[in-house]
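I have placed the structure first, in the form of structure tokens, so that the comments after it can refer back to it.
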Amino acid sequence: MLRDDDSLERQIEKLDRINRVLIDRIDRLEESRGSAWSMFQAAVALEQEVMVRTRDLERALADLSQRNRELAVARASAEEANRSKTRFLRAASHDLLQPLSAARLFLSMLTDTPMNELQTELTSRLSGAFESVEQLMHAVLDISRLDSQRIEFNRQPVPLGDLFRRLAVEFAPMAEAKGLRLSFVPTDAVVDSDPVFLRRIAQNLVSNAIKYTQRGGVAVGARRRGGLCWLCVYDTGMGIPAVDRNRIFDEFQRLSGDGTTPGMGLGLSIVRRACAKLGHPIDLQSEAMRGTLFRVGLPPVQNSPASRPATSGRSALPLRGRLALVVENDPEMRRGYEMILHDALGMVVRATGGTAEALATMGDDPPDVILADYHLENGDTGIRAIRALRRAAGRAIPAVMVTAHRDPQIAKSCTAMRVHLMEKPVRPPELAEILGAILA
């Protein structure tokens with residue numbers, strides 16, 4: 001009986017162990033089922049959240065797409081407006097500069113006539129006013145062109161010696177009026193650049209140096225260093241404080257706040273824009289009350305012909321008695337050229353209005369030099385006139401092209417034809433220098 005009780009007890013213990021194992025399994029199964037349910041509920045909630053966020057994102061993308069379309073339309077409109085502005089300025093530049101150029105020619109002749117003290121003061125003030133208008137117009141046209149995304153340059157070898165001589169003639173009166181020494185160090189360096197814009201860079205640097213120098217002088221030269229030929233403009237002016245050396249390259253920035261220094265504060269802005277487009281580095285060194293040095297790095301051109309030797313002034317220019325054929329459709333400009341070339345320089349002048357008249361006037365007696373305006377009447381151009389006159393003469397007559405159009409194609413055509421290019425307004429001393437150089 002006792003054995004049966006032990007057996008029963010063992011069976012009970014065994015069943016109890018089995019029961020505990022089963023209960024443990026059931027508990028684990030319930031826990032697993034609860035976790036899976038929680039995960040399922042979380043997945044459903046996440047899916048709903050994803051759907052909400054997806055709808056928000058789709059709305060945001062649709063709104064962004066609409067904004068992009070609106071911005072594209074606005075950008076196209078702005079670009080078209082900018083192109084229209086550039087076209088207008090290019091087309092209007094001739095009409096704007098033509099009367100100014102004629103006035104400068106007449107004013108130059110008036111300055112050379114005997115005058116009393118009052119008349120001398122009036123002509124001096126008129127010259128200053130014309131100079132200000134000319135600088136402003138050049139600045140507006142240059143900035144408009146440099147801001148254009150489609151700007152083209154006419155890069156070619158540029159003799160710095162020739163550039164320095166033209167600058168010396170142009171700025172000598174300005175420096176003399178302030179009692180400053182203006183010196184250009186002779187050089188035979190030839191660099192690769194756009195001749196029109198390189199001259200504009202140098203003009204602005206020299207003009208600024210003279211404006212902000214009260215005593216001493218301005219020196220311009222070229223120095224080779226670091227694989228570049230550096231165009232250097234040094235002055236003994238007030239210097240530029242370190243805090244101002246970045247802002248002076250912005251528009252309408254001037255160091256002098258007293259209003260006595262002329263200008264609109266656009267010159268260095270044009271220098272920065274032009275140098276950036278041409279890839280010419282700019283360097284500035286300055287010391288307070290000791291002066292300033294601006295340097296522009298230019299790539300040198302090897303094995304290029306040296307620039308022409310300098311002439312020794314107007315009296316030495318071989319112009320007297322030489323025959324000049326003028327092709328200019330504007331009557332005022334024709335009269336201005338006649339007065340400068342004949343009365344001031346002693347040349348024989350034949351003035352015509354277009355290619356056909358120039359050919360008829362030339363006949364069998366070719367001129368020593370042709371002075372032609374690019375923009376003539378009824379689609380006629382100075383390029384066409386020079387080509388026709390040279391063809392009729394059977395030789396390459398020396399020629400000067402005068403234009404208000406800053407078009408690289410005109411510059412390229414003149415370079416190919418070996419025609420000297422001048423920009424309006426025409427400066428009589430510069431015209432005399434150029435004619436003397438090409439006829440020497």
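Nothing in this text is a laboratory measurement; each read-out follows from the coordinates by a stated rule. All of these numbers come straight from a predicted model, not from anything done at the bench. Neighbour counts run over all protein chains shown; Cβ positions are idealised from the backbone, glycine included.
Model label points for ALA276 and GLN11, set 7 angstrom from Cα along the Cα-to-Cβ axis, are 10.2 nm apart.
For region 210-227, backbone phi angles converted through the Karplus equation (6.51, -1.76, 1.60; θ = phi - 60°) give residue-by-residue couplings of 5, 4, 9, 10, 9, 8, x, x, 10, 10, 10, x, 9, 9, 8, 6, x, x Hz, Gly and Pro being listed as x.
Close amide-amide hydrogen proximity is noted between GLY279 and no other residue 5 or more places distant or on a separate chain, at a cut-off under 5 Å (H modeled in the peptide plane; Pro and chain starts excluded). Here each label is just a point 7 Å from Cα along the line to Cβ, and for SER77 and PHE40 those points are 5.8 nm apart. Computed from the C-beta positions of GLN409 and GLU377, the FRET efficiency with R₀ = 22 Å rounds to 0.65. What separates the Cα centres of region 60-76 and region 209-247 is a distance of 48 Å. Label-to-label distance for ARG20 and MET417 is 11.6 nm, based on points extended 7 Å past Cα in the beta-carbon direction.
Legend: calculated FRET efficiency, ALA103 to ASP56, from the Cβ-Cβ distance at R0 = 51 Å, rounded to 0.05, equals 0.15.
With the cut-off at under 20 Å, measuring from each backbone N in region 416-440 to a point 7 Å along the Cα-to-Cβ line of GLU176 picks out 426-437.
For trypsin sites (Lys or Arg not before Pro), the sites in region 393-440 that DSSP calls loop and that have at most 15 other Cβ atoms within 10 Å are ARG395, ARG418.
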